[in-house]
Each structure stands twice: as C-alpha cells, then as structure tokens.
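Written below as structure tokens is the structure these notes are about.
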Amino acid sequence: MSYQERRAIVNFISSILITTLYSLYMFQRYPDTDAYSVEVFRYWGWFILILIPVSIVARIIIYIIFIILNTIATRELEPSISDERDKLIELKSARISLYVFTLGFLLAMISLVLEQPPSVMFIILISAGLLSDTLNELAQFYFYRRGF
C-alpha cells in the first residue's frame with residue numbers, strides 16, 4: 001500500500017471520528033426551546049464556528065502522528081514531490097467532493113422550502129460536509145489503488 005493510500009485512509013477515519021465525537025459532545029448542549037428561537041440559531045452558529053478550528057487542530061495532530069508512525073513502521077519518509085498523476089487524482093476527488101457538497105447544500109435549501117425546522121437544514125449541511133470530505137478521501141484511495 002502506498003503512502004498516499006495510507007494517508008487517504010487515515011484522513012477518512014479521522015474526518016468521521018472528529019465529526020462524530022464533536023457532534024456527540026455538542027448535541028448534549030442542544031437548547032430545549034422552540035425550534036425557531038434565537039437560542040437554536042445561536043447554538044447552530046456556535047456549533048459550526050467551533051467545529052472548524054477543532055477539526056483543523058485535530059487533523060494537524062492526527063497528521064503529525066500519522067507521519068511519525070508511518071516513518072517508524074515503513075522506514076520511508078513522506079514523498080516530497082507531487083507529480084501530474086497526484087495532482088490529477090486530487091483534482092478528480094475534489095470535483096466529486098464539490099458535487100456532493102453542492103447537492104447537500106441544495107437539499108438543505110429544499111428542506112427550508114418544505115418548511116422543515118432550521119435544525120434540519122443545519123444537520124443536512126453538516127452531513128453534506130462530512131460526506132463530501134469522506135468521499136474525497138475514498139476517491140483518492142480508489143484512484144491511487146486503480147493507478148490513475
């Protein structure tokens with residue numbers, strides 16, 4: 001298994017783990033008020049604004065640990081160059097990720113048109129972000145495995 005494939009697997013697992021653990025922690029703090037109250041909107045605003053830096057810091061820590069463990073286990077360093085094939089794989093997987101998130105965004109807006117509570121919209125947006133991120137990593141793994 002190549003370095004890029006291992007990195008994609010670690011990123012896939014970490015994105016699911018970070019979002020799941022953070023969501024379980026934050027859903028305990030969900031306000032017990034009307035679905036359209038100011039507190040609910042404030043909750044979702046804080047949910048997303050805190051998720052971003054938590055995710056960034058956690059990913060940096062996980063990536064550093066991955067590099068250290070990978071170097072110890074395989075005795076090879078991270079590849080310092082990225083060729084055209086790597087860039088093509090990144091572009092293809094980013095395109096898939098963008099399509100999935102755009103579809104999720106449209107579904108979130110449709111939920112508002114169908115008069116669902118705003119919480120449904122926010123849950124769809126967060127789920128679309130998680131799904132697009134995981135599909136990005138799975139696509140990279142698939143394309144590296146396929147050799148294209």
_For segment 57-82, which positions are in a helix (DSSP H, G or I) and either loosely packed, with under 12 Cβ neighbours inside 10 Å or in contact with an Asp or Glu (Cβ under 7 Å, 6 or more places away or on another chain) (or both)?_
Val57, Ile60, Ile61, Ile64, Ile67, Ile68, Ile72, Ala73, Thr74
*Return yes when Ala108 is farther than 19 Å from Ala139 by Cβ and touching a helix residue (DSSP H, G or I) at 6+ places or on another chain (Cβ under 9 Å) and no when it is not.*
yes
*asked:* Can you pull out every residue in segment 91-124 that is closer than 30 Å to Asp34 by Cβ, part of a helix (DSSP H, G or I) and touching a residue at least 40 places away in the same chain (Cβ under 8 Å)?
replied: Pro118, Ser119, Phe122
*Only one of (1) closer than 27 Å to Arg85 by Cα; (2) aromatic (Phe, Trp, Tyr); (3) over 13 Å from the mean Cα position of the chain (by Cα) is not met by Phe12, so which one is it?*
(3)
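Only one of these is surrounded by fewer than 13 Cβ atoms within 10 Å (Cβ to Cβ) and among the hydrophobic types (A, V, I, L, M, F, W, C): Leu98, Leu107, Leu103. Name it. Give the steps one after another, and end with the answer.
Working: Leu107 fails: surrounded by fewer than 13 Cβ atoms within 10 Å (Cβ to Cβ); Leu103 fails: surrounded by fewer than 13 Cβ atoms within 10 Å (Cβ to Cβ).
Being surrounded by fewer than 13 Cβ atoms within 10 Å (Cβ to Cβ) and among the hydrophobic types (A, V, I, L, M, F, W, C) holds for just one of Leu98, Leu107, Leu103, which is Leu98.
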*asked:* Condition (residue is in contact (Cβ under 8 Å) with a residue 60 or more places away in the chain, small (Gly, Ala, Ser) and not in a helix (DSSP H, G or I)) applied to segment 24-39: is it met by at least one residue?
replied: yes
*Take the residues of segment 14-26 that are hydrophobic (A, V, I, L, M, F, W, C) and surrounded by 11 or more Cβ atoms within 10 Å (Cβ to Cβ): which is nearest to Glu137 (Cα to Cα)?*
Ile16
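Here, each number is a calculation from the coordinates, and none is a lab measurement. Owing to the predicted nature of the structure, the values given are computational and were not obtained by experimental measurement. Don't worry about glycine lacking a Cβ; one is built from the backbone with ideal geometry, like all the others, and counts go over all protein chains shown.
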